[in-house]
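The values are calculated or read from the model by the stated rules, or taken from the named source; none is laboratory data. Nothing here was measured: the structure is a model prediction, and the numbers come from that model. Counting neighbours? That spans all protein chains shown, and the Cβs are built from the backbone with ideal geometry, glycine included. Note: accessible area is taken over every heavy atom of the protein model, side chains too, but ligands, DNA and RNA are not part of it. Shrake-Rupley method; radii C 1.70, N 1.55, O 1.52, S 1.80 Å.
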Amino acid sequence: MMREATLDELPGWLRDMHALWDAKRGARPYPARPDFVFEEFMPWLGRLHLVEVLDGDFRFAVFGSWTAELIKREYTGLKLSEIQEPLARIWEAGYRDVVARRAPVFVHHPKSRYNPRDPEVSWWRAILPMGTEDRLTHLLVGFQVIALDGRYL
């Protein structure tokens, strides 16, 4: 189950990531990937994904190390169409929504499990478009998991 969220509902660091994105874009619909420098992402590094927008598919240019450790899978370099996990279909829905809107999308998953043996958690995503005026090239995705007892993981 998932629902669209507002910027105000996001955990603080995802709002900070959006503020950086917003500052970089200026008057444009979205910033370009070269507008960012690596050091700007340091506070959130393991929780970020950089997703290439391909013709009809998406590829993880970077799959965050924290997320990979959490779900026990590493997807850097893989296309979503190559990933058979149910999570990939959930991610894809959000990515396609951003491409269609050409605007950020914020998503909350109130109860979910990554693996059947894991406890239920709540998780948030901020999916931010990047590219040139005529072409959306990347998505910057921030990911936060919260235990149902309110602890940030």
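Over the chain, what percent of the accessible surface lies on carbon and sulfur atoms, probe 1.4 Å?
Details: 4210 of 7850 Å².
Carbon and sulfur together cover 54 percent of it.
Once every DSSP H run of n ≥ 4 in the chain is given -39500 (n - 2.57) and the sum is divided by its residues, what mean residue ellipticity at 222 nm do you get, rounded to the nearest 500 deg cm²/dmol?
Numbers: 3 runs with 37 residues, N = 153.
Here the helix-only value at 222 nm equals -7500 deg cm²/dmol.
Rounded to whole numbers, the Karplus 3J(HN,Hα) couplings from phi for segment 7-15 are 4, 5, 7, 5, x, x, 5, 5, 5 Hz, using 6.51 cos²θ - 1.76 cosθ + 1.60 with θ = phi - 60°, and x at Gly and Pro.
Quote the charge dipole size of the chain about the Cα centre in Debye, to the nearest 20; the model charges only the Cβ of Lys and Arg (+1) and of Asp and Glu (-1).
Working: 21 positive and 22 negative charges, 43 e Å.
The calculated dipole for the chain is roughly 200 debye.
Measure nothing fancy, just the Cα-based angle from helix 86-101's long axis to the longest principal axis of the chain, in degrees from 0 to 90, nearest 10. So the helix axis and the longest Cα principal axis differ by about 30 degrees.
For segment 1-147, report the convex hull volume of the alpha-carbon atoms normalised per residue, in Å³, without decimals. Before the final figure, lay out the partial values.
Values: hull volume 15.8 nm³, N = 147.
For segment 1-147, the hull spanned by Cα atoms encloses 108 Å³ per residue.
Normalised per residue, the accessible area of segment 8-153 is 50 Å², obtained with a 1.4 Å probe and no contribution from ligands, DNA or RNA.
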